[in-house]
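Some notes on the structure that comes next.
Where a number appears in this text, it was derived from the coordinates with a stated rule and is not lab data. None of the values given here were measured: they were computed from a predicted structure. Backbone-built Cβ (ideal geometry, glycine too); neighbour counts: all protein chains shown.
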Amino acid sequence: MISRNYKTEPLKENPHNVEVRQMYNDASAQIMHITLKSGETLKPHKTPVDVTFYVLEGTPTVHVGEESAVFERDNLIESPADIVHYLSNESNSQARILVTKAPRPAKQTKLL
């Protein structure tokens, strides 16, 4: 059995300058834990694979294509491959989101 706690996983450098921790990395999928402090936003980008966002804490805004919505915890949001998407936290408290990419991207994510 393999176990990981996001609090003990190292921070992963990223172009968004937010707290990202890699929780799982296999050819079948990649799972990242993102913490957004109040006012933080990911840069809009496209991912060459399907992505899901699972809200663990807070009320982040999820932007997929032309749609944007605020989600509370325990919601799963899907973003198809090659669609512009990003996360933002416009609330006064932190948001934590589990991001799954399946399969693990072979190409780099494209920032816009």
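Check residue 100 against each of (1) over 21 Å from residue 6 (Cα atoms); (2) within 12 Å of the chain's Cα centre (by Cα); (3) not aliphatic (A, V, I, L, M) and name the one condition it does not meet.
Here residue 100 meets the rest and fails (1).
List every residue pair whose Cβ atoms lie under 6 Å apart, where the two residues are 6 or more positions apart in sequence or sit on different chains, the first residue falls within the stretch 1-22 and is in contact (Cβ under 8 Å) with a residue 24 or more places away in the chain, and the second residue, located anywhere, is among the polar types (S, T, N, Q) and part of a loop (DSSP other than H, G, I, E, B).
No pair meets every condition.
For the stretch 13-38: of the residues being part of a loop (DSSP other than H, G, I, E, B) and among the hydroxyl-bearing types (Ser, Thr, Tyr), which is surrounded by the fewest Cβ atoms within 10 Å (Cβ to Cβ)?
Just the residues of the stretch 13-38 that are part of a loop (DSSP other than H, G, I, E, B), to begin with: 13-18, 27-28, 37-38.
Subsequent filtering for residues that are among the hydroxyl-bearing types (Ser, Thr, Tyr) retains 28, 38.
Working: 28: 9, 38: 12.
Here the answer is 28.
With the condition kept exactly as written, say whether any residue in the stretch 60-74 is surrounded by 13 or more Cβ atoms within 10 Å (Cβ to Cβ), under 16 Å from residue 95 (Cβ atoms), touching a Ser or Thr at 6+ places or on another chain (Cβ under 9 Å) and among the aromatic types (Phe, Trp, Tyr).
yes
Restricting attention to the stretch 79-99, which residues are touching a Pro at 6+ places or on another chain (Cβ under 7 Å) and farther than 13 Å from residue 41 by Cα? Give the steps one after another, and end with the answer.
Pass one, the stretch 79-99, residues touching a Pro at 6+ places or on another chain (Cβ under 7 Å): 81-82, 84, 86-89, 95, 97.
Residues satisfying the conditions are 81, 82, 84.
Tell me, which strands (runs of 3 or more DSSP E) wholly within the stretch 39-112 include 3 or more residues that are of a type in the set (Val, Ile, Thr) and either touching a strand residue (DSSP E or B) at 6+ places or on another chain (Cβ under 7 Å) or at positive phi (or both)? Quick ask: steps written out before the conclusion?
Numbers: elements: 50-57, 61-64, 67-70, 76-79, 85-88, 95-102.
So the answer is 50-57, 61-64, 95-102.
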